[in-house]
Amino acid sequence: FGLGYSHFRFIRLPGDLADNALFQLRSYIRRTLFSPVVVTLDANLRPVRMLSDVLYVHEKGSWSGHAYMEGYFRVPSVVQEPYLLL
């Protein structure tokens, strides 16, 4: 988005990924936590599904790293749903 900083991210997935591809999503916890919602879009940029079954695990911070939430999710068909909106 060319108008400044945004928490939204628009991602085009590589076309050579297998169906039901597994993705990892990590959100670092500093003063606040950004808890993303994942939406898949079709080739015409229309929403197909909201992935609400992302299971996040909390990893505590230490002297050498920030705390974070990490989750994994699958996209059923990268051909039919080639875009992600976080």
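Looking only at region 51-75, residues that are within 25 Å of Ser6 (Cβ to Cβ), touching a residue at least 24 places away in the same chain (Cβ under 8 Å) and in a loop (DSSP other than H, G, I, E, B) come to 2 in all.
Remark: Tyr56 falls outside the filter, which requires a residue to be more than 16 Å from Leu85 (Cα to Cα) and open to solvent by 80 Å² or more (accessible area, probe 1.4 Å). For region 29-72, what are the residues that are modelled with pLDDT of 85 or more and hydroxyl-bearing (Ser, Thr, Tyr)? Of everything in region 29-72, those that are modelled with pLDDT of 85 or more and hydroxyl-bearing (Ser, Thr, Tyr) turn out to be Thr40, Tyr68, Tyr72.
The values are calculated or read from the model by the stated rules, or taken from the named source; none is laboratory data. Nothing here was measured: the structure is a model prediction, and the numbers come from that model. Methodologically, a virtual Cβ is constructed for each residue, glycine included, from the backbone with ideal geometry; neighbour enumeration extends over all protein chains shown. For the accessible areas, the whole protein counts, side chains as well, though only heavy atoms, and no ligand, DNA or RNA atoms are used. Shrake-Rupley method; radii C 1.70, N 1.55, O 1.52, S 1.80 Å.
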